[in-house]
1. Do you know which residues across the stretch 35-70 are among the hydrophobic types (A, V, I, L, M, F, W, C), closer than 13 Å to VAL11 by Cα and crowded, with 17+ Cβ neighbours inside 10 Å?
2. So in the stretch 82-101, with the set limited to residues that are out of contact with any strand residue (DSSP E or B) (no Cβ under 6 Å at 6 or more places or on another chain) and modelled with pLDDT of 95 or more, which one is nearest to ALA306 (Cα to Cα)?
3. Quick check on this structure: which one of LEU49, LEU102 is of a type in the set (A, V, I, L, M, F, W, C) and closer than 24 Å to LEU301 by Cβ?
4. From (1) out of contact with any helix residue (DSSP H, G or I) (no Cβ under 7 Å at 6 or more places or on another chain); (2) part of a loop (DSSP other than H, G, I, E, B), pick out the condition that doesn't hold for THR344.
5. Is there any pair linking a residue in the stretch 200-219 that is part of a helix (DSSP H, G or I) to one that is away from the ligand (no atom under 16 Å from the Cβ), with Cβ under 6 Å and at least six apart or on different chains, and which?
6. Just for the stretch 126-165: of the residues that are of a type in the set (Ser, Thr, Tyr) and either over 23 Å from LYS84 (Cα atoms) or buried (at least 20 other Cβ atoms within 10 Å of the Cβ) (or both), which one is farthest from the ligand (Cβ to nearest atom)?
7. Within the stretch 86-96, does at least one residue satisfy the condition of being touching a residue at least 40 places away in the same chain (Cβ under 8 Å), touching a Lys or Arg at 6+ places or on another chain (Cβ under 8 Å) and among the hydroxyl-bearing types (Ser, Thr, Tyr)?
8. Would you check which residues across the stretch 41-81 are within 16 Å of the ligand (Cβ to nearest atom) and in contact with a strand residue (DSSP E or B) (Cβ under 9 Å, 6 or more places away or on another chain) and list them?
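The values are calculated or read from the model by the stated rules, or taken from the named source; none is laboratory data. Here the structure is a predicted model, which means the values were calculated and not measured. Note that each Cβ is placed from the backbone with ideal geometry, even for glycine, and that neighbours are counted across all protein chains shown.
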Amino acid sequence: MSSAVEPFAAVEIIAAKRDRHELSEAQINWIVDAYTRGVVADEQMSALLMAILLNGMGAREISQWTNAMINSGERMNWSMLDRKTVDKHSTGGVGDKITLPLAPLVAACGGAVPQLSGRGLGHTGGTLDKLEAIPGWRASLSNEEMLKVLQETGAVICAAGAGLAPADKKLYALRDVTATVEAIPLIASSIMSKKIAEGTSALVLDVKTGSGAFMSDPKKAAELARTMVALGKAAGVKTRALVTAMDIPLGLTAGNALEVRESVEVLAGGGPADVVELTILLAREMLDAAGIAGKDPAVALKDGSAMDHWRRMISAQGGDPDAPLPVARENQIIKAERSGVVHTMDALKVGISAWRLGAGRSKQGEKVQAGAGIEIHAKPGDTVQAGAPLFTLHTDEGARFERAIAALDGAVTIGDSSSISKMPLVLERISE
Ligand code: URA
């Protein structure tokens, strides 16, 4: 511990939040900085995080907490580009591969997409894990390499370097083990500090809600969306948000290589209707937020230009867009027990099953299986016959099937009536 005179004592700041007082800007700046420097101990920050979770933060405090996290590291700058920058962030869900077709699509329509992405933890997948299923593709780029890929291809998807919002890296790891991930001020500031530090000038947030999302309650998802849009606006980033459905999986695949394959189908002008619809919707929002009057995204998916940008983006990061994707060594088919109409499909159960097959990790640093995951053969609204395949499960390790199949218990209901209830794809749109 440093013996330099510090302007505050952590215990006083913890007590202030415990007693429901607002923290001052100076207190916030100091505690975030002092924690990043190692002056404030983990147990003190844990207590403060729990007090924030229980007692909340006002809009001013959230904005200043976000700024303090941005100021803990570098802020990237893309002003040398001759295109406007625009990015998308999704809060994550089951089968959410939208970033893969979306980034090259927006590039094909005239935008520059500098996307710093993460890896999956738990039942939701991570964009980097998905792209790493492509032989040769590299997630770690220096800032110079990132700029080169962006200049040459219009889109780059890579891992955030250690210099970007280091306070968030430390705080997120602590939140993970202290049951304080779920606080809206902490989630909003965590996501937005990284997106603002990334230097994008416009941002579209896809806030998922439903069983497979980490904000399952639509009201809470909308509150998170509003909080993040306000933070973006305060930082001068043109930000808007869509609250979208994650009650059922997105598309027909969950798992790394399986989702790359589905994304390539979308880029080739095909693919499942929900993935295509959300990709086009988000692309239009991104272009509009950035003020780009370029090609219509629906056209760019059909005329091959989005696919050209994908191939260039993958190749520029060492990947071979023509290489066969990894296939898991073993598979097992789960069949419909009765004939009828598929009424429900629980995204969370499908996500947990794909995770147990090896598509996701249960602790940081664990390796994932590129070929593991689930193919979905029927979605809510589809008619199935008894004995017809519902899912194909893929894994390299057959011993994983038992627990993966157990996770699917009750995941699907099949009934006689053709009227089904599912969330609309977009529940709410929030703009500045
Ligand atoms: N994703 C983040 O980056 N931060 C959070 O707090 C939650 C999800």
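1. If the condition is that a residue be among the hydrophobic types (A, V, I, L, M, F, W, C), closer than 13 Å to VAL11 by Cα and crowded, with 17+ Cβ neighbours inside 10 Å, then VAL40, MET45, ALA47, LEU48, LEU49, ALA51 are the ones that fit.
2. Residues of the stretch 82-101 out of contact with any strand residue (DSSP E or B) (no Cβ under 6 Å at 6 or more places or on another chain): 82, 84, 97-101.
Filter once more, keeping what is modelled with pLDDT of 95 or more: 84, 97-101.
On the way: LYS84: 18, LYS97: 15, ILE98: 13, THR99: 13, LEU100: 11, PRO101: 8 Å.
Looking at the filtered set, the residue picked out is PRO101.
3. Exactly one residue qualifies, and that residue is LEU102.
4. In the conditions (1) out of contact with any helix residue (DSSP H, G or I) (no Cβ under 7 Å at 6 or more places or on another chain); (2) part of a loop (DSSP other than H, G, I, E, B), THR344 misses (2) alone.
5. Hits for this filter: PRO218/LEU427.
6. Ranking the candidates gives THR153 first.
7. yes
8. none
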